[in-house]
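The values are calculated or read from the model by the stated rules, or taken from the named source; none is laboratory data. Remember, predicted model here, so these are calculated numbers, not experimental data. When we count neighbours, we look across all protein chains shown, and the Cβ atoms used for this are built from the backbone with ideal geometry, even at glycine.
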Amino acid sequence: MDTKNSTVGKLLTTSNADIYTVPSNYEAEIDSIHICNEHSSAVTVSLDWYDSQSTTYFTLTEALSIAANSVLLLESKLWLFKADKLRGLSDTASKITVTFKVKEFYVPQRS
């Protein structure tokens, strides 16, 4: 099974936006998720995981307050299938960055 590693990051806005989508023919493992607040005040962040098989969004964080100028580390691993997504938003635009390492596994039968 071929694999590729990459780092994904997104500066969040006040509208829900996709951070990462698993490509066709792949499954993916997400390592720890880093959430960085570069603002001088606390900012809230919401993250969802979209399960494409059940067409359902599941909440990872909901209006979670991140202290000013701080980083939060979510250390749970996630296993995602093709077309699964992570998306997010914050209550203050362009102050929260979400970054994580993703390992993608090529699975040709998952078209």
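Descriptive notes on the structure:
- Flag if residue 58 is at pLDDT 95 or above, within 14 Å of residue 28 (Cβ to Cβ) and out of contact with any Pro (no Cβ under 7 Å at 6 or more places or on another chain): no
- Test result for residue 59, at positive phi, surrounded by fewer than 15 Cβ atoms within 10 Å (Cβ to Cβ) and without any contact (Cβ under 8 Å) to a residue 60 or more places away in the chain: no
- One residue stands out in segment 6-15 among those that are within 15 Å of the chain's Cα centre (by Cα) and either loosely packed, with under 14 Cβ neighbours inside 10 Å or modelled with pLDDT under 95 (or both): the one that is nearest to residue 88 (Cα to Cα), namely 15.
- Residue 52 fulfils the conditions (1) of a type in the set (S, T, N, Q); (2) closer than 20 Å to residue 36 by Cβ; (3) surrounded by 11 or more Cβ atoms within 10 Å (Cβ to Cβ) except for a single criterion, (2).
- Only residues that are in contact with a Gly (Cβ under 6 Å, 6 or more places away or on another chain) and either at pLDDT below 95 or within 17 Å of residue 15 (Cβ to Cβ) (or both) were counted in segment 98-111, giving 1.
- Taking the numbered list (1) closer than 29 Å to residue 2 by Cβ; (2) over 10 Å from the mean Cα position of the chain (by Cα) in turn, residue 33 passes all entries but (2).
- One residue from 74, 64, 89 being within 12 Å of the chain's Cα centre (by Cα), hydrophobic (A, V, I, L, M, F, W, C), on the phi < 0 side of the Ramachandran plot and at pLDDT 95 or above: 89
- Meets criteria (polar (S, T, N, Q) and farther than 20 Å from residue 3 by Cβ) for residue 24: no
- Checking each residue in segment 69-111 for being loosely packed, with under 13 Cβ neighbours inside 10 Å and acidic (Asp, Glu) picks out only 75.
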